[in-house]
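Every number in this text was worked out from the coordinates using simple rules, so none of it is lab data. Just so it is clear, the structure is predicted and the values come from calculations on it, not from any experiment. Cβ atoms come from the backbone with ideal geometry, glycine included; neighbour counts cover every protein chain shown.
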Number of protein chains: 2
Amino acid sequence: MAGLPGLAYSRDMKNVLQYIDDNLDASLARLFTLLRIPSISAQPAHAADCRAAALWARDTLTEMGFSARLSETSGLPGVIAQHHGAGPGAPHVLFYGHYDVQPADPLNLWHSDPFDPQIIEGPRGKRIVGRGAVDDKGQVVSFFEACRAHLAVTGTLPVRLTILLEGEEECGSPSLAELLTNERETLAADFVLVADTNMWNFETPAITMSLRGLAASEVTIHGPSRDLHSGLYGGIALNPINALTRILGDLHDDQGSVRIPHFYEGVAPVPPALAESWKTLGFDAEVFLGEVGLHNPAGEHGQSPLAQLWARPTADINGIYGGYQGDGTKTVIPAEATAKLTFRLVPGQDPAAIQKNFEHFVMERLRLDAKASFRHLGAAPGFTISMDAPFMQAAQRALRDEFGKPAALVGCGASIPIVEAFKTHLGLDTLLAGFGLDDDAIHSPNEKFEVACFHRGARAHARLLQAFAGF
Amino acid sequence: MAGLPGLAYSRDMKNVLQYIDDNLDASLARLFTLLRIPSISAQPAHAADCRAAALWARDTLTEMGFSARLSETSGLPGVIAQHHGAGPGAPHVLFYGHYDVQPADPLNLWHSDPFDPQIIEGPRGKRIVGRGAVDDKGQVVSFFEACRAHLAVTGTLPVRLTILLEGEEECGSPSLAELLTNERETLAADFVLVADTNMWNFETPAITMSLRGLAASEVTIHGPSRDLHSGLYGGIALNPINALTRILGDLHDDQGSVRIPHFYEGVAPVPPALAESWKTLGFDAEVFLGEVGLHNPAGEHGQSPLAQLWARPTADINGIYGGYQGDGTKTVIPAEATAKLTFRLVPGQDPAAIQKNFEHFVMERLRLDAKASFRHLGAAPGFTISMDAPFMQAAQRALRDEFGKPAALVGCGASIPIVEAFKTHLGLDTLLAGFGLDDDAIHSPNEKFEVACFHRGARAHARLLQAFAGF
């Protein structure tokens, strides 16, 4: 970072940030226009509203100087906008956001109309309340405003920029693969910037460095050819529920490690620098677990709570069923019993191999007449960003400049399907840096976005765009 | 047995048996009259038919010389009949049967009207086909005909006899406790004779020496206070399904023995004479299990298949559920998971202690934040007849005399609630000796009773009554 930024950078950047500060009210007014459009993708009755939101984005970006259009799919359209004023040698950033929102139900829990956004006072100053305030319209517009400021002050952008807005993120992105395939050439870029995640806390920005992958499997243990009376057959007849619990009860050893063969092969330890940075986050596992009625981290012994959450693979039974489930008792030995499992995976683990090895784990524990059948329901590898990725260094610099402290380098225990889609369809890595807060109530009544987060988000995006120019 | 029967016994007995042989057609005609009454206790529309069957029994027994009456309950009436011609010093036998039958559905699978009984030819000669042919009208009438023969030949019965017919056996005996309580003094006897079980095979009678008891328990493992996302919490949060399988997977050791503390305390080994007698039965576990798609006895190592079925306690999970059970996958760590278990018990095991010790078994395996709650749903001790019981020796002698070979001394892995009720309410042991066959299709379409079984049943009952006089 020494030697950067130069004087020209500093003067322009200062003016860009000043422009954002001076135009905050106008920025909010533009956001409110978008928030008033009830673009609920899950509800067919709102299909026209979704399209109206897409058109608003297209027109807004066109007015700012982008070349913008809708990209039709078999579902709701995407919005694609490009500004290549930075010239062919400049880095090419693909920004991703979504213009659709969650349904607003239950309406009676809202303190104001979810599609009539309000500014109200909160403990951290003013906040925007409305469906989509942060997820994802507020985040998208804060990025638009960063672009607007660069364009107003310098007449262009520091990087080549392609903006992709999806219209079906809140209903499972059924057309995203189609959209990415159709637009593969247009979307060719150096990396993806996604603004749909949270800060670590109100003072501290965050970059999501890793997502866990997923392998889902279902196993059914088959015993007798029909349900049996547990009196007339009990003792001599194999009971598939007993067999299933016996097998799955062996899934973890006494140290909390998963006993599936080769499960940890390829799993890298947390990089020491990352582990060090986590120690500075002040994560309190007891508080985190206390909110859901628990106290003790239940994962692998010797792994920190954050490593258990973000960096270590898991084996969770998500559902189990067999035999009688009604009131009282029924003396049955059922013909079969089933469990559904997901394995959260980290980079280095091959989801298909995990599923295969789970089969082996079960098969080598089958006894007597028990048989097993399997269904494998989904598989996605884990994802991680190298701390050495060039855009990482740029992003860390920009965020530190804006917030006066380093970004938290966090993990996410879950998958974010779009990240996998960008990797699969475009071959691109994704930088996840957003400005929401954990208490923003996304998907819930009274969704909000702190005005300060919207504002600092725009300023941070402006710095990020500038920083990416230099990597 | 030496010294018995004396000459008088032999001559009377011969005449009694001859009477039965000579009157077989009339006996069948009387049975058919009862079979034509659709006394389906589970169906309120047949309440009058049930009462008609009770009245038929009362009147039939009255005509034979019994003092007979209905005994009203809050449900269907019982029938009580007494003949004490044997005098106050004679043994007092309580005979139990039931006059109600199962519904006949599905009607389309019957080859004839279930309530228009037929005699048809089968591989073992003539058979009676109709609902109730064996269960229990055929068995009851074969006993009545034995009494009729004694009364016709000798003018009295060899023992004091009380007959109790229940009208609700096929719908769970809801009023039996009331009936036994109301009639406790009338029903005071030396033991109960129940004719509602099967022979070992067509050539071999059987006495059921033991029934297993039952303790039913439900355990729920509680984890987080609400369902959690398995990505955002997986690894750090206790998963109650994982915990439940881990605990219940430990229910049996590698030898198939139940690991609940003190589980086998008080369990007596199979008496050597009984174990020896089982070896002569020709039980083929592979055939028995093969009929339900299994091959290998799954119980305790070192116990014979029949011991696993009849004489050893079990721990079967009858139902399990938790988390997601629908199609596909759901990434949930549920708040709780539940299993329903029954323990089949043998004499010497205290059902309440087993339930308590099961709680201990679970509690001592709980880890971290897991909590457990329990419901105990039913408990009945196991039951056994001593091979030395006086009525046992008499019964064995009578059955051997009739069939020319010893009765099979069998167990039953299930409970028979009436046996428990007689013990609880009247303090009486029960002799279970009936003349049905396993292929009689009770509770199913085309229920049948071999005429030979009906006939030999009547002869055997006549011998049993005589034999009981001498114990």
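Per DSSP H run of n ≥ 4, the term is -39500 (n - 2.57); total these for chain A, divide by its residue number, and report the mean residue ellipticity at 222 nm rounded to 500 deg cm²/dmol.
On the way: 13 runs with 151 residues, N = 471.
One gets -10000 deg cm²/dmol as the mean residue ellipticity at 222 nm.
What are the label-to-label distances in nm, one decimal and shortest first, from A:V267 to the same spot in the other copies, with labels 7 Å along Cα to Cβ?
3.8
What do the square roots of 5 times the Cα gyration tensor eigenvalues come to for chain A, in whole Å, largest first, as semi-axes of the equivalent ellipsoid?
Working: eigenvalues 420, 126, 92 Å².
Taking √(5λ) for each eigenvalue gives 46, 25, 21 Å, largest first.
Would you tell me which residue of chain B has the beta carbon closest to the rotation axis bringing chain B onto chain A, and how many whole Å away it is?
Closest Cβ to the B-to-A rotation axis, residue and whole-Å distance: B:G249, 1.
So for the stretch B:39-98, averaging the separation of alpha carbon pairs under 8 Å that are six or more residues apart and normalising by length, what relative contact order in percent results?
Values: 60 pairs, mean separation 13.8, N = 60.
23 percent.
Got the relative contact order for chain B handy, in percent, Cα pairs under 8 Å and 6 or more residues apart?
On the way: 947 pairs, mean separation 118.7, N = 471.
So the answer I get is 25 percent.
Which distances in nm, rounded to one decimal and ordered from shortest, link the label point of B:R184 to the equivalent label points in the other identical copies, with labels set 7 Å from Cα toward Cβ?
8.7
Find the relative contact order for the stretch B:26-134 and round it to a whole percent, using C-alpha pairs within less than 8 Å whose residues are 6+ positions apart. Let's see the in-between values first.
Details: 135 pairs, mean separation 27.1, N = 109.
It comes to 25 percent, rounded to a whole number.
Quick one: 3J(HN,Hα) in Hz for the stretch A:425-441, Karplus 6.51/-1.76/1.60 with θ = phi - 60°, rounded, Gly and Pro as x.
The phi angles translate into 8, 10, x, 10, 7, 10, 9, 9, 9, x, 10, x, 10, 4, 9, 6, 6 Hz.
Taking amide H positions as placed 1.01 Å from N in the peptide plane, with prolines and chain starts having none, which residues 5 or more places from A:A408, or on another chain, fall under 5 Å of its amide H?
A:W200, A:A206, A:I207
Return the subset of A:K14/A:K279; B:K14/B:K423; A:K371/B:K371; A:K356/B:K330; A:K14/A:K423; A:K356/B:K356 for which the Cα-Cα distance in this structure is over 29 Å, preserving the input order.
Values: A:K14/A:K279 33 Å; B:K14/B:K423 35 Å; A:K371/B:K371 32 Å; A:K356/B:K330 20 Å; A:K14/A:K423 35 Å; A:K356/B:K356 41 Å.
Where the Cα-Cα span goes over 29 Å, the pairs concerned are A:K14/A:K279; B:K14/B:K423; A:K371/B:K371; A:K14/A:K423; A:K356/B:K356.
Between B:T280 and B:N108, how high is the FRET efficiency from 1/(1 + (r/R0)^6) when r is the Cβ-Cβ distance and R₀ = 35 Å? Nearest 0.05. Don't skip to the end; give the middle numbers.
Details: r = 42 Å, r/R0 = 1.21.
After rounding, the FRET efficiency stands at 0.25.
Quick one: length gained pulling A:T156 to A:E185 fully straight, 0.36 nm per residue minus the C-alpha distance? Spell out each step's value before the answer.
Values: separation 29, 0.36 × 29 = 10.44 nm, distance 2.26 nm.
Net length gain for the segment: 8.2 nm.
I need the inter-copy label distances for B:T424: point set 7 Å along Cα to C-beta, values in nm with one decimal, smallest first.
The answer, with the shortest distance listed first, is 5.9 nm.
Ranked from highest to lowest mean number of other Cβ atoms within 10 Å per residue, what is the order of the peptides A:132-145, A:19-32, B:45-58, B:456-469? Display every interim value, and only then the final one.
Values: A:132-145: 27.8, A:19-32: 16.2, B:45-58: 19.0, B:456-469: 26.0.
Those peptides, ordered most packed to least, come out A:132-145, B:456-469, B:45-58, A:19-32.
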